Amino acid sequence: MTEKVIEKTKGLVRAEFNFWVGLYMDKFYDALKEQKIIGNKCPKCEDVFVPPRKICGKCNETIPLEENWVDLPSFGKLINWTATPYKVSDRGSRKVKKPTAIGMVQIDGSNTAIVYRLLKMELDDIKTGMKVAIEWNAKSKGDPGDIKGFVKA
Ligand SMILES: [Zn+2]
């Protein structure tokens, strides 16, 4: 067994690394770069996953990589949400003045939800079940940040 040395540290530790997301997510990110949403459909139960999966969690069926892709729209339904007074991507930061709303959005035609910021909405205006649409980043890079967040549809 190798010995680990852990030194006590204060503040943020930033580590930069690359990792391979896999063939299914590669396709998903390629589509994001074109500002398109794709999902994949389980051949057995026909649930549609966004982001795509290799294996259906419901019936344990493998979804072939080259088949069962579906084009989906850039809008969906807000199925749940919360607001946080902290910066989302920076846990070390202090409270911000205006809370950030985070939503779980089910893209129309899919059976799963993705989590993104809710933009240009007052907290009082946000209602579970409301229609929301993607606000794309002007410069897409083929990563999750291509979706800036969701706005009212
Ligand atoms: Zn299934």
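Give all pairs with beta carbons closer than 9 Å in which a residue from the range 44-62 that is closer than 24 Å to residue 32 by Cα and among the acidic types (Asp, Glu) meets a residue that is at pLDDT 95 or above and more than 10 Å from the ligand (Cβ to nearest atom); count only pairs at least 6 apart in sequence or on separate chains.
47/110; 47/112
Considering (1) loosely packed, with under 15 Cβ neighbours inside 10 Å; (2) farther than 30 Å from residue 11 by Cβ; (3) touching a strand residue (DSSP E or B) at 6+ places or on another chain (Cβ under 7 Å), say which one residue 125 fails and leave the rest.
Among (1) loosely packed, with under 15 Cβ neighbours inside 10 Å; (2) farther than 30 Å from residue 11 by Cβ; (3) touching a strand residue (DSSP E or B) at 6+ places or on another chain (Cβ under 7 Å), the lone unmet condition for residue 125 is (3).
Considering only the range 100-151, state which residues are closer than 27 Å to residue 56 by Cβ, small (Gly, Ala, Ser) and over 14 Å from the mean Cα position of the chain (by Cα).
109, 129
The values are calculated or read from the model by the stated rules, or taken from the named source; none is laboratory data. Keep in mind the model is a prediction, meaning the values are calculated, not measured. Cβ coordinates were reconstructed from backbone atoms using ideal geometry, including for glycine residues, and neighbour counts include every protein chain displayed.
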